[in-house]
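J.: Submitted below is the structure of interest, expressed as structure tokens.
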Amino acid sequence: MRTELYYTVDRIRKDRAAVVGDAGDEVDVPRADLPADLVEGAVLRVPFDEEGALDWAAARVDKEETERRRREAQRIIEELSRRDPGGDIEL
Amino acid sequence: MTRTKSWVVPCCLLLFSAGAQQRASDGDVAEIIFLDVGQGDAAIVRSPEGKVALVDSGRDAGILESLRRHGIDSIDIAIASHPHADHIGGMEAVIRSLPVRYYMDNGVPHATATYRGLLRTLQQSDVTYLQATSRTINLGSVKLTVLPPLGGTDNLNNGSIGLRVTYGDFSALLTGDSEIDELNHFMSQGVSQVTVLKAAHHGSRDAVSPAWLYATKPDVVVISCGRENPYGYPNPWALRYYETVASKVYRTDLDGDVTIAAAFDGSVDVSTQLRR
């Protein structure tokens, strides 16, 4: 049984953070419940509490996983960019 | 010249969609439809020839129902202003479900599962990826001028692609979630007066300034935001600003889908899904 899940900070709005789970679910979390060094794009490891609910206060930023995912996205973007014919487009 | 009218839903919705299609196929009207996708952004640009651009896609696959409602079964170009989930959440479903010829985004890598899923879907497709460089997309007789994003910032909002839509004397400006820094950047590149302005960042206070409104001088403003959203959009201060400058301000949370039908001489008819 997994003891924690990955959630990624999608966007921060005032005192709220919208985080997206690896299953694609989105959760709106009070900013104050999350680590202080939070930035958009940060990957969080979120453990379960004793009752089986996500324990946002115990979440921590996984910098290594954040960087790995960012690099993967960058690699795919560069690959896709090779399809760009350049210049103006006629549709 | 702006003429407005309202329609009642749901019984008139199908009639409304059919009417819009008929106008477009008449060959003399370009349309921009700002879709009510809840708290998010999505808009359709349809040329008189029936060419379609989708600009952002709301939060989820519900966008497919919106597209179907407006009679759209293929996309010539899909544009993601920036990779926040409330703008790209439905894009993967669109690319999986409909023929899409081109896709453009700002090329800023985001670590979410939403963006990763979209990129992998694009990878497995034959969709032609376009970078957000300074270029023109000729959507039939409608011109989409790409305003490259500010770049060099950690603020994803300020990496939004700007898009100027032109059809004859009609013009519109869509800037995703741009905040003041990026709006200033667009102004430094020479933004001019437009007929229709999509309020940046859902009508947030950090996304409008006197200088921006002086430069764009919109006749119509459309704010895309969700009913009773947790962020308080549109900001009351920003809303007053828009109402002071524009002759009419529409909101997808109150008006539902907002359809701008633009004639070549620059005049527009605005119809809304809901009656306030």
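The values are calculated or read from the model by the stated rules, or taken from the named source; none is laboratory data. Since the structure is predicted, the reported quantities are computational estimates derived from the model, not experimental observations. For neighbour counting, all protein chains shown are included, and Cβ atoms are generated from backbone atoms with ideal geometry for every residue, glycine included. Ligands, DNA and RNA are excluded from the accessible area calculation, which covers all protein heavy atoms including side chains. Shrake-Rupley method; radii C 1.70, N 1.55, O 1.52, S 1.80 Å.
J.: Among the residues of region B:134-152, what is the count of those that are open to solvent by 10 Å² or more (accessible area, probe 1.4 Å), under 21 Å from B:Gly190 (Cα atoms) and more than 8 Å from chain A (Cβ to nearest Cβ)?
T.: Matching residues across region B:134-152 total 9.
J.: Given the structure, is B:Ser74 within 12 Å of chain A (Cβ to nearest Cβ), touching a strand residue (DSSP E or B) at 6+ places or on another chain (Cβ under 8 Å) and surrounded by fewer than 24 Cβ atoms within 10 Å (Cβ to Cβ)? Even if it seems obvious, please write down each step before you answer.
T.: Details: within 12 Å of chain A (Cβ to nearest Cβ): yes; touching a strand residue (DSSP E or B) at 6+ places or on another chain (Cβ under 8 Å): yes; surrounded by fewer than 24 Cβ atoms within 10 Å (Cβ to Cβ): yes.
Considered against the rule, which asks whether it is within 12 Å of chain A (Cβ to nearest Cβ), touching a strand residue (DSSP E or B) at 6+ places or on another chain (Cβ under 8 Å) and surrounded by fewer than 24 Cβ atoms within 10 Å (Cβ to Cβ), B:Ser74 comes out as yes.
J.: Right, something else. At least 3 residues that are over 12 Å from the mean Cα position of the chain (by Cα) in each: list the strands (runs of 3 or more DSSP E) lying fully within region B:42-82 that qualify.
T.: Passing ranges, in order: B:75-79.
J.: If you go through region A:27-52 one residue at a time, how many are touching a Phe, Trp or Tyr at 6+ places or on another chain (Cβ under 9 Å) and either facing chain B (nearest Cβ under 10 Å) or in a loop (DSSP other than H, G, I, E, B) (or both)?
T.: Filtering region A:27-52 for residues touching a Phe, Trp or Tyr at 6+ places or on another chain (Cβ under 9 Å) gives A:27, A:29-30, A:33-34, A:43-46.
Still in the running and either facing chain B (nearest Cβ under 10 Å) or in a loop (DSSP other than H, G, I, E, B) (or both): A:34, A:43.
So the count comes out to 2.
J.: I'd like the full set of residues that are among the polar types (S, T, N, Q) and either more than 14 Å from B:Ser271 (Cα to Cα) or modelled with pLDDT of 90 or more (or both), limited to region B:9-60. Reasoning before the result, please.
T.: Here is the first cut: in region B:9-60, the ones among the polar types (S, T, N, Q) are B:17, B:21-22, B:25, B:39, B:47, B:57.
Once the filter is applied, which keeps residues that are among the polar types (S, T, N, Q) and either more than 14 Å from B:Ser271 (Cα to Cα) or modelled with pLDDT of 90 or more (or both), region B:9-60 yields B:Gln22, B:Ser25, B:Gln39, B:Ser47, B:Ser57.
J.: Could I ask something else about it? Among the residues of region A:61-78, are any part of a strand (DSSP E or B), farther than 30 Å from B:Val142 by Cβ and within 14 Å of chain B (Cβ to nearest Cβ)?
T.: Of all residues in region A:61-78, those part of a strand (DSSP E or B) come to A:61.
Checking the rest, the ones that are also farther than 30 Å from B:Val142 by Cβ come to A:61.
Okay, now just the ones that are also within 14 Å of chain B (Cβ to nearest Cβ), so A:61.
So far as region A:61-78 goes, yes, one or more of its residues are part of a strand (DSSP E or B), farther than 30 Å from B:Val142 by Cβ and within 14 Å of chain B (Cβ to nearest Cβ).
J.: Follow-up. Is it the case that B:Gln189 is at pLDDT below 95, surrounded by fewer than 23 Cβ atoms within 10 Å (Cβ to Cβ), more than 10 Å from chain A (Cβ to nearest Cβ) and in contact with a Pro (Cβ under 9 Å, 6 or more places away or on another chain)? I'd like the intermediate steps shown before the answer.
T.: Details: at pLDDT below 95: yes; surrounded by fewer than 23 Cβ atoms within 10 Å (Cβ to Cβ): yes; more than 10 Å from chain A (Cβ to nearest Cβ): yes; in contact with a Pro (Cβ under 9 Å, 6 or more places away or on another chain): yes.
It is true that B:Gln189 is at pLDDT below 95, surrounded by fewer than 23 Cβ atoms within 10 Å (Cβ to Cβ), more than 10 Å from chain A (Cβ to nearest Cβ) and in contact with a Pro (Cβ under 9 Å, 6 or more places away or on another chain).
J.: With B:Arg116, B:Arg164, B:Arg120 as the choices, which residue is open to solvent by 20 Å² or more (accessible area, probe 1.4 Å), more than 9 Å from chain A (Cβ to nearest Cβ) and charged (D, E, K, R)?
T.: On the way: B:Arg116 fails: more than 9 Å from chain A (Cβ to nearest Cβ); B:Arg120 fails: more than 9 Å from chain A (Cβ to nearest Cβ).
One residue alone meets the criteria, B:Arg164.
J.: May I ask you to verify whether B:Gly168 is touching a Ser or Thr at 6+ places or on another chain (Cβ under 6 Å) and under 27 Å from B:Val268 (Cα atoms)?
T.: Details: touching a Ser or Thr at 6+ places or on another chain (Cβ under 6 Å): no; under 27 Å from B:Val268 (Cα atoms): yes.
Here the answer is no, as B:Gly168 does not meet what is asked.
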